[in-house]
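To start, the structure under review is shown below, and the notes come after it.
The values are calculated or read from the model by the stated rules, or taken from the named source; none is laboratory data. Remember, it's a predicted structure, so these values are computed and weren't measured experimentally. Cβ placement follows ideal geometry from the backbone for every residue including glycine, while neighbour counts extend to all protein chains displayed.
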Amino acid sequence: MQIIDGKATSQKVKDEIAAEVTQMKAKGGKTPHLAAILVGNDGGSETYVAAKIKACEYVGFKSSLVRFKDDVSEDELLAKVQELNDDNDIDGFIVQLPLPKHISEQKVTDAVDYRKDVDGFHPQNVGRMSIGSPAFISATPQGIMELIKRYKIETSGKHVVIIGRSNIVGRPMSILLSQKGYPGDATVTVCHSRTANLKEVCLQADIIIAAIGSPEFVKADMVKQGAVVIDVGTTRIKSDTTKSGWKLKGDVAYDQVAPKCSWITPVPGGVGPMTIASLLQNTLKAAKKEIY
Ligand code: GUN
């Protein structure tokens, strides 16, 4: 069994971006600028946004944080989105999710200029990604694709079983891995809460992508010997043994599953750190006008 090290890979990606930004600046180019809108004080969102801003500093990007209280109106938030759309200095921005219940996440997502949609959530980007046109691809699927590429995991002709059909992970992964070329050319099965015989389906998988948000859902008896297992789960569980008081749990029962795998991503330190690297890659692409 070998570990797919997302922490080290994300560091490598960040260092590559930092080197490129240094060169861009030396040539008198613009400093890439990422903005984030954060509504309310959700603990997870605070942590993620803080990490995104820290990563911007590391690679030499400019970053801006716009905060709203959780009673902000939808109109006020939409007005800010429009302001960021119109701000020529901002190359890309994100609206951290989840949003309070009185605000439509779809409406806000749709309002972001797709050319600045470095989260890859806008229907224009999702649509273009699904037909194989250049697009901003959302952070988690892009991070997984990057890991597969950098670890040279074979996907052609392989049976990939994805557990979870979310718009931000399961569904885009199924599209990307079934596309022509590498990493792709796989036969993909998408499983979800209504899938019959899930265990039997998983046992046929050469590659399992677990993205259900249910801690330790994938057990050893669901995994074929030699399979590649990618764990997207990041459930925060209260813990007395960590400084933060929280511990991350993946969707895979790591201790029992890992010995059966050829490759596996740990939690933490697997897919998670790659999501920030992907966001930085997208922001750099936006600054370079590489896609639009
Ligand atoms: N909430 C959880 N993941 C994400 C993400 O990738 N982008 C945004 N905007 N919000 C999130």
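Against the numbered list (1) within 12 Å of the ligand (Cβ to nearest atom); (2) farther than 25 Å from Lys101 by Cα, Ile37 comes up short only at (2).
Within region 178-195, none of the residues are closer than 23 Å to Pro273 by Cβ, touching a Gly at 6+ places or on another chain (Cβ under 8 Å), at pLDDT 95 or above and more than 16 Å from the ligand (Cβ to nearest atom). Scanning region 89-143 for residues that are within 21 Å of Met173 (Cα to Cα), within 12 Å of the ligand (Cβ to nearest atom) and aromatic (Phe, Trp, Tyr) turns up Phe121, Phe136. Considering (1) under 24 Å from Gly157 (Cβ atoms); (2) in a loop (DSSP other than H, G, I, E, B); (3) among the hydroxyl-bearing types (Ser, Thr, Tyr), the lone condition that Thr241 does not fulfil carries the number (1).
Of all residue pairs spaced 6 or more apart or on separate chains, those with beta-carbon atoms under 6 Å, a first member in region 53-70 that is touching a residue at least 24 places away in the same chain (Cβ under 8 Å) and a second member that is part of a loop (DSSP other than H, G, I, E, B) and surrounded by 19 or more Cβ atoms within 10 Å (Cβ to Cβ) are Phe61/Pro32. Within region 69-79, the presence of a residue that is in contact with a strand residue (DSSP E or B) (Cβ under 8 Å, 6 or more places away or on another chain) and part of a strand (DSSP E or B) is excluded.
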